[in-house]
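See below for the structure under consideration.
The values are calculated or read from the model by the stated rules, or taken from the named source; none is laboratory data. Note that the structure is predicted; figures quoted are calculated from it, not measured. When we count neighbours, we look across all protein chains shown, and the Cβ atoms used for this are built from the backbone with ideal geometry, even at glycine.
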Amino acid sequence: MRSPYTLDNPPPDEPPSEVLVPSLWRVQARWWKRHTPALDQQGAKHPVCGHCGQSWPCHSWACWDGQLGQAVHQSQTPEPDAGEARVSAAPPSRAIAFGGALAAGLAQT
């Protein structure tokens, strides 16, 4: 899932208040920003990533963008009605969050 962020409107360093794992957001946003074109490449017809040198958007940027998109989408999902059953009220573990990152990366290869 794509995030709503662009080169002109990058993700904020601090997560929105609704994000489930704020520390993970900070990592994702930092790597999203690292894998953007270098300043001299941003207007180029075929820019390259300023971090890894691959054609941009590089694979890493796409993965981080997808993770930010999921975080934003999950935070905007409405809560179930009081009559609906809830599976668990506990926040997701880091293993689940990182597992999602790995699954997103494998799905794009």
Taking His35 as meeting all but one of (1) out of contact with any Ser or Thr (no Cβ under 8 Å at 6 or more places or on another chain); (2) closer than 17 Å to Ala62 by Cβ; (3) not small (Gly, Ala, Ser), write down the number of the exception. (1)
Any pair with Cβ under 8 angstrom, 6 or more apart, that starts in region 38-50 at a residue that is under 13 Å from Trp61 (Cα atoms) and ends at one that is among the charged types (D, E, K, R): Gly50/Arg34
Just give me the residues in region 23-40 being surrounded by 15 or more Cβ atoms within 10 Å (Cβ to Cβ), polar (S, T, N, Q) and assigned to a helix (DSSP H, G or I), in sequence order. Gln28
Quick check: anything in region 51-64 in contact with a strand residue (DSSP E or B) (Cβ under 6 Å, 6 or more places away or on another chain) and crowded, with 17+ Cβ neighbours inside 10 Å? yes
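Does Asp65 meet the test of being charged (D, E, K, R), modelled with pLDDT under 95 and part of a helix (DSSP H, G or I)?
Working: charged (D, E, K, R): yes; modelled with pLDDT under 95: no; part of a helix (DSSP H, G or I): yes.
So Asp65 fails the test.
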